[in-house]
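The values are calculated or read from the model by the stated rules, or taken from the named source; none is laboratory data. As the structure is a computational prediction, the values presented were derived from the model and not from experiment. As a convention, Cβ positions derive from the backbone with ideal geometry for all residues, glycine included, and neighbour counts pool all protein chains shown.
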Amino acid sequence: MSFPLLTATAALPAVGAIVTAAVPAARRTAAKWLALLVSLATLALAVTVLVRFDPDGDRYQLTESRAWIADFGVRYELGVDGIGVALIGLTALLIPFIILAGWHDADPSPSSQLRSSRGGPNETKAPYKWRPTQGFFALILAVEAMVIISFEATDVFLFYIFFEAMLIPMYFLIGGFGDRAHAGSDENASAQRSYAAVKFLLYNLVGGLIMLAAVIGLYVVAGNFSLQEIAEARANGTLDMATNTERLLFLGFFFAFAVKAPLWPLHTWLPNAMGEATAPVAVLITAVVDKVGTFAMLRFCLGLFPEASKWATPVILVLALISIIYGALLAVGQRDIKRLVAYASISHFGFIILGIFVMTSQGQSGATLYMVNHGISTAALMLVAGFLISRRGSRLIADYGGVQKVAPVLAGTFLIGGLATLSLPGLAPFVSEFLVLVGAFARYPVVGIIATVGIVLAALYTLVLYQRTMTGPVKPEVSAMPDLRVRELVVVAPLIALLIGLGVYPKPLTELVNPAVEHTMSDVQKKDPQPEVEAAK
Amino acid sequence: MENLIALLVAAPLLGAAVLLCGGRALDRAGHWLGTLLAAASFVIAVVLFTDMLGKGAEERTLSQHLFSWIPVEGFQADVAFQLDQLSMTFVLLISGVGTLIHVYSIGYMEHDERRRRFFGYLNLFLAAMLLLVLADNYLLLYVGWEGVGLASYLLIGFWQHKPSAATAAKKAFLVNRVGDVGLSIAIMLMFTTFGTFAFGPVLEATGQTSEGKLTAIGLMLLLAACGKSAQVPLQSWLGDAMEGPTPVSALIHAATMVTAGVYLIVRSGAIFNGAPDAQLVVTIVGAVTLLFGAIVGCAKDDIKKALAGSTMSQIGYMILAAGLGPIGYVFAIMHLVTHGFFKAGLFLGAGSVMHGMNDEVDMRKYGGLRKYMPVTFVTFGLGYLAIIGFPGLSGFFSKDKIIEAAFAKGGTEGWLLGSVALLGAAITAYYMTRVMIMTFFGDKRWQPDADGHAPHPHESPKSMTIPMIVLAFGSVFAGGFFSIGDRFMHWLEPVTRHDHGNSPLSAATVTGATMVVLVIGVALAYVQYGRRPVPVTAPRGSLLTRAARRDLLQDDFNHVVLVRGGEHLTRSLVYVDHSLVDGVVNGTAASMGGLSGRLRKLQNGYARSYAVSMFGGAAVLIAATLLMRAV
């Protein structure tokens, strides 16, 4: 048996997490460097996966298969298609930037140091004042490992375990390492933080429990957990599922993914979580972890339950449209920079889900590209926002003004991140957004037209944010603000280069994704609508 | 030869990249680099033009395919260029006038510490506009289209520390975005109808689909054009865009940006030709805007805003002509080119006046400047004569042709459109004469500025006056040159086709009528502003004047309907999201498992213990499964 590359890609950050956590307390910097090196090595493995993967080859490649829990037919089965490869690449790419951007986020906070040196009684009262650096970076690597294996698992049970287990490190990252820039008192901040963390946990846990029921149900019906076997059996008619059974199972899976994605009206945990977490963790949530939800819709909902997927399409499209417009309108109304980005993400997830369920090649290729591009653009915008917030100590838009005068590079990168968020043609998100729109329009013209409203609203919330924070007279509080530092530039510059590169030349990505999308289209047995006129070529 | 096309775009794009990413080291030479690369683009354009002239009329189209851009099943978008006579005309105008504006800006922006960045944005503007007119498909055109929007956003808001400039920039981008929705939907319609959105295949296949489809595509393209070209109802950004430095206004109004809408409609001629209803709407939009801009232009005391009203009105003429179909396409483009010369000249002249007058823009505080700024006076004066259509100058030829073409549309429509165009000519003569008199004639009404500095009007430096002189030449001679032997018509005909229509009036009658209304307009302005002293504070004015000063209440309308309505909507949604959606979802969860009560408890500090038990539970679960495997 050849080298288990997929296992290695997921195992490396997992081992790295354990080793990082074991670094002695005094060697904080060593732990940071270790985590960064592990994430870079993981990126190298992900690139190897990308190189070894042949887009025009078999549907699932680099497969691994071992018996695990034989009694229940649970197998350790891994395999990637083009969509999985793209998302593993995105994850492995973003983690080093997240680590680098959060370099100082888990240093002992100045106030707690002050208190412990005084040895005052306050120390015991603030539960989240301890900021163990090792833990922070170990948790990030743990999340990376679980996300990567979720993108690889072709066994439903295996997927489910890591889909759920991911919640634990995420919970600690949100609850334990909150944003220091908080308007309220320390206690208030810590209360809101734990509220956000618990809300995140409970929403996703409920989704997960319902999914667990569906997973068990699937086993009862199909007798095993293998994605490929079940899909094949369904396709050649050896596995017959009653319509209602299929619909119920579909709903169980979809509910969990819709919480994670998140889809309106299950979205309300996201603004809390992204607002209270540090900016790099917020990126981890929206750019990486949430992508498992949309990815799983494509792989499991459409792959296992094609008929039920088609049955639910009208309702899901309406919910996606609501997400697009509702998320954008709420972003316009936000006063907190990070919550604004969170609502913008909800709008973007609406586009992704729309692209998946319109069931056209353009829509699904667009949705997959959208997952990658949204990851990069949100990372760029949110991380620069984090740099900005750490300088001023406030998340409120109203506390800023005139920053471009004192920190032009910071303002410039923030603007580019914003322009990517509003899908400016020439930047990567435009390609995916336009594909989703065209794909939607081709099958449901009205849906496509309504979704274009999102184009205008995205410009509104982005430019209003830029105007209020960056332009106008310089506020006294920001007048001494330093421009981006070298470490920060190292984080932002490659992301911006990628946004431009994938906007001008997305072909490598589309070629990776297209064959996988064709497979999904054949899963659901849908054909693209043909143009009315066959134009002279 | 076709391999040079990409260089047209690449040269200014390179300039933008270098100037914007380069550091302070480039501050001293950045403006020269920017100007040089703009000029390089113009030189390449001239080379390509010469080459094109050497070929037969029907063999002049060049194309260059760079790479496949977005290849997805059933969807093909390429980065590919097409250079035909229509694109060539635009390329020469954009790079030529653009280069002159670069030269002018060297002097105008001399004392601005961010001059390097300004030139980076100017280069970006040229690159985007050139991409727009060179693209061989609608999606790539969209990239240039939005690039122009971005560059204008950056330039209008160049002085970002002024809240008014930042607001104006945002407004321009947003209004344009509404237009972009039109362009998006048009492209999607083309995709579902023709399976492609490349110019060639789409424009050849228009005959194979229904008129309804073509009308829908046409109207969506018109919406896009309204945004970029500041046509009613998306005109409101143009006046505010004067917040940018004056060379920007010259660039936006003459060579780039506002001309994009006219280009889009003329380029899509085959679609509009098959959709008479869409054409009718185009002509109506053009006619309404033509009057709207002219009326606003009459009431403004700010010299740049008066000129902005005039741009709106002149672009209205072009849109009107483009809506006439093959009768008007050639003249729309011809007027666009001559307008490019005289409007750029007028704006640069206005900038020169402001330069000498402590940046004062209120014409009521000008007066008698002709003695102090002789070169500005003469070049501005020639631009003035050109725009009002003084016989023999550029504007005379191009505008007269549009009025003729409007009548040649025939029927009641033709009479109405022709009369509106004539009325517009009279108002143009009136408001431009007003600008001329208030600025250069009469008494000195100068006043010290806010810091107490009395103005010392003086002629501008050579780097500013030379571009003005060149543009004045164009304003005087371009129209005549184009019209001798119908040169311009023969040049563009292979692309746009041409149809003479059947005018109920002879050409001489139309020209005569134009002359009569011209004299009336000038005379009225002379009586009002030349014979009597101009009051320094504006009189209250009639209801129409007051409305016109407020841009015919466009912003008041937008504010009440869109801004305030929008604010209420978002605010109430924030409330709904917080209390209703969140509450209902939490409540549903509660009814399903008492989670709400637990959530409340957890908020009070049990969070960690709960999480630990969660973690423990998961660990037990995994251990159990592993054990089971062992057993």
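Odds and ends about this structure:
Here is a yes/no grid of residues against (1) in contact with a His (Cβ under 9 Å, 6 or more places away or on another chain); (2) part of a loop (DSSP other than H, G, I, E, B); (3) of a type outside the set (Val, Ile, Thr); (4) under 30 Å from B:LEU234 (Cα atoms):
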position	(1), (2), (3), (4)
B:HIS500	no, yes, yes, no
B:THR514	no, no, no, yes
B:LEU524	no, no, yes, no
B:GLN528	no, no, yes, no
B:PRO533	no, yes, yes, no
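- Conditions (1) more than 23 Å from B:LEU183 (Cβ to Cβ); (2) assigned to a helix (DSSP H, G or I); (3) at the interface with chain B (Cβ under 10 Å from one of its Cβ atoms): number failed by A:GLY503: (1)
- Selection count, the stretch B:192-205, where residues are in a helix (DSSP H, G or I) and more than 9 Å from chain A (Cβ to nearest Cβ): 2
- The stretch A:325-349 - residue that is out of contact with any strand residue (DSSP E or B) (no Cβ under 7 Å at 6 or more places or on another chain) and of a type in the set (Lys, Arg) and, of those, nearest to the other protein chains (Cβ to nearest Cβ): A:ARG339
- If you go through the stretch B:567-591 and keep only what is more than 19 Å from A:LEU263 (Cα to Cα) and modelled with pLDDT under 75, you end up with B:ALA590, B:SER591.
- Members of the stretch A:39-55 found to be over 22 Å from A:ILE140 (Cβ atoms), touching a Pro at 6+ places or on another chain (Cβ under 6 Å) and surrounded by fewer than 16 Cβ atoms within 10 Å (Cβ to Cβ), listed by number: none
- Test result for A:SER365, within 20 Å of A:PRO529 (Cα to Cα), crowded, with 24+ Cβ neighbours inside 10 Å and touching a Ser or Thr at 6+ places or on another chain (Cβ under 8 Å): yes
- Selection from the stretch A:377-394 of residues that are at pLDDT below 90 and surrounded by 22 or more Cβ atoms within 10 Å (Cβ to Cβ): none
- Any hit, the stretch A:240-251, residues being under 16 Å from the mean Cα position of the chain (by Cα) and not aliphatic (A, V, I, L, M): no
- Failed item, numbered, when A:VAL409 is tested on (1) among the hydrophobic types (A, V, I, L, M, F, W, C); (2) at the interface with another protein chain (Cβ under 8 Å from one of its Cβ atoms); (3) assigned to a helix (DSSP H, G or I): (2)
- The stretch B:166-191: number of residues that are of a type in the set (Gly, Ala, Ser) and either at the interface with another protein chain (Cβ under 7 Å from one of its Cβ atoms) or free of Cβ contacts under 8 Å to residues at least 12 places away in the same chain (or both): 2
To keep it simple, each residue is scored yes or no on (1) surrounded by fewer than 24 Cβ atoms within 10 Å (Cβ to Cβ); (2) in a helix (DSSP H, G or I); (3) of a type in the set (D, E, K, R).
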| residue | (1), (2), (3) |
| --- | --- |
| B:ASP277 | yes, yes, yes |
| B:VAL288 | yes, yes, no |
| B:LEU291 | yes, yes, no |
| B:ALA294 | no, yes, no |
| B:LEU307 | no, yes, no |
| B:LEU320 | no, yes, no |
| B:VAL330 | no, yes, no |
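- Taken over the stretch B:364-387, the criterion of being surrounded by fewer than 24 Cβ atoms within 10 Å (Cβ to Cβ) and either aromatic (Phe, Trp, Tyr) or under 25 Å from the mean Cα position of the chain (by Cα) (or both) is satisfied by B:TYR372, B:PHE377, B:GLY381, B:LEU385.
- Of the helices (runs of 4 or more DSSP H) entirely within the stretch A:158-249, those holding at least 3 residues that are charged (D, E, K, R) occupy A:186-222, A:227-235.
- Applying a threshold of 7 Å to beta carbon distances and a minimum spacing of six or more residues, or different chains, the list of pairs starting in the stretch A:435-447 at a residue that is under 20 Å from A:MET371 (Cβ atoms) and ending at one that is of a type in the set (Ser, Thr, Tyr) reads A:LEU435/A:SER365; A:VAL436/A:TYR370; A:LEU437/A:THR452; A:LEU437/B:SER184; A:GLY439/A:THR360.
- Note on the stretch B:49-64: residues that are within 22 Å of B:ARG497 (Cβ to Cβ) and assigned to a strand (DSSP E or B) amount to 2.
- Count of the stretch A:16-36 residues which are assigned to a helix (DSSP H, G or I) and either in contact (Cβ under 8 Å) with a residue 12 or more places away in the chain or touching an Asp or Glu at 6+ places or on another chain (Cβ under 9 Å) (or both): 13
- Of all the listed residues (A:ILE322, A:ILE352, A:ILE285, A:ILE316), the sole one being part of a helix (DSSP H, G or I), of a type in the set (Val, Ile, Thr), out of contact with any Leu (no Cβ under 7 Å at 6 or more places or on another chain) and within 14 Å of chain B (Cβ to nearest Cβ) is A:ILE322.
- Only residues that are over 30 Å from B:GLY195 (Cα atoms) and buried (at least 24 other Cβ atoms within 10 Å of the Cβ) were counted in the stretch B:244-264, giving 12.
- Screening the candidates A:ARG247, A:ARG234 for the property of being surrounded by fewer than 22 Cβ atoms within 10 Å (Cβ to Cβ), more than 13 Å from chain B (Cβ to nearest Cβ), touching a helix residue (DSSP H, G or I) at 6+ places or on another chain (Cβ under 8 Å) and modelled with pLDDT under 85 yields one hit, A:ARG234.
- The listed residue being in contact (Cβ under 8 Å) with a residue 60 or more places away in the chain and under 16 Å from the mean Cα position of the chain (by Cα), out of A:ALA308, A:ALA231, A:ALA256, A:ALA312: A:ALA256
- Residue among A:ALA296, A:ALA385, A:ALA380 that alone is touching a Leu at 6+ places or on another chain (Cβ under 8 Å), assigned to a helix (DSSP H, G or I) and touching a residue at least 12 places away in the same chain (Cβ under 8 Å): A:ALA380
- Test for A:GLU477: is it acidic (Asp, Glu), more than 8 Å from every other protein chain (Cβ to nearest Cβ), in contact with a Gly (Cβ under 8 Å, 6 or more places away or on another chain) and more than 22 Å from B:LEU569 (Cβ to Cβ): no
- Residue check for A:ILE325: surrounded by 24 or more Cβ atoms within 10 Å (Cβ to Cβ), of a type in the set (Val, Ile, Thr) and over 15 Å from the mean Cα position of the chain (by Cα): no
- Single unsatisfied condition, A:MET359 versus (1) under 17 Å from A:GLY303 (Cβ atoms); (2) within 11 Å of another protein chain (Cβ to nearest Cβ): (2)
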